[in-house]
Amino acid sequence: MKILQRIAIALCFAAITLTASAEDTPWYQVEILVFANEDPSVLDDEFWPQGLDVTPQRNAVKLRPPMHTGQSAFDAYELLPTASLLFNEEKKRIARYHSYRVLYHAGWLQPIGEKSNARPIHIRAGQMLDNGMYELEGYITLDRGRYLHFRPDLYHSRKLSQTESEMLRSFLNAGEQPATEGAVDAQVAEIAAEQSVAPLSPISTSFLEVPEFLTVNMRQGRRMRSEEVHYLDHPLMGILVLMLPVDTADSSVKR
């Protein structure tokens, strides 16, 4: 009986410690807007990897809708009403361009602490395509040291139109390679000459098949400052990010 009491007391102290730690972690209002660049001309800028797939991450959090309509207080990872988001005007501007399309726009509150304690947030948006992937899926992770850090691992998948497929096929069959590959081939040939061996032939791109679906990954961490809009760029997608500190005494935040 005494052993059970000691365990219960220990658990109580552990709960108090965790609560105090959570209270010390600063809270932020986070907002992100993800959009796709559907301009076909950007497809022949580089070789796109194939076979990309979303890797599940442990301890991930899913954003959830508000518990009550019209409430003034929100829990962590609870979606904020659309009317209260700050990128609504940017969303309208993006919609004016025929080659851009908004994939995801959301805001929420959350504590942001050290990287070791950060929990990835699972993002999923758009339609589920025939390849089994959503138009946008993946994770974002936020942590705070000396600076705030935004770490996306997002996958954008799209079905290629016939025009886009023909464009990529022509690009690949032309045997075009990035300028860096030519430099590498020259270095390989020079080394082979020094070693008196025959250099390997450059890999031909004519055998590469154009996929029906194209999936790209944005995985570039960014150091950020609060209260500043940050933009992360990719040839086929872009992300706007804003993080605003929440006053710990603000009654709009439930702890």
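Please treat every number below as a calculation from the coordinates, not as lab data. What you see is a predicted model; the values in this text were computed from it and never measured.
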Run through every distinct alpha carbon pair of the range 50-150 and return the Kirkwood hydrodynamic radius in angstroms, one decimal place. 15.9 Å
Log entry: pair-distance distribution for the range 87-135, C-alpha pairs binned every 5 Å from zero, whole % per bin is 4, 14, 17, 16, 18, 15, 12, 4, 1
What base-10 log of the normalised intensity I(q)/I(0) is obtained for the range 96-162 from the Debye formula, alpha carbons as equal point scatterers, at q = 0.17, 0.20, 0.29 Å⁻¹? -0.74, -0.89, -1.29
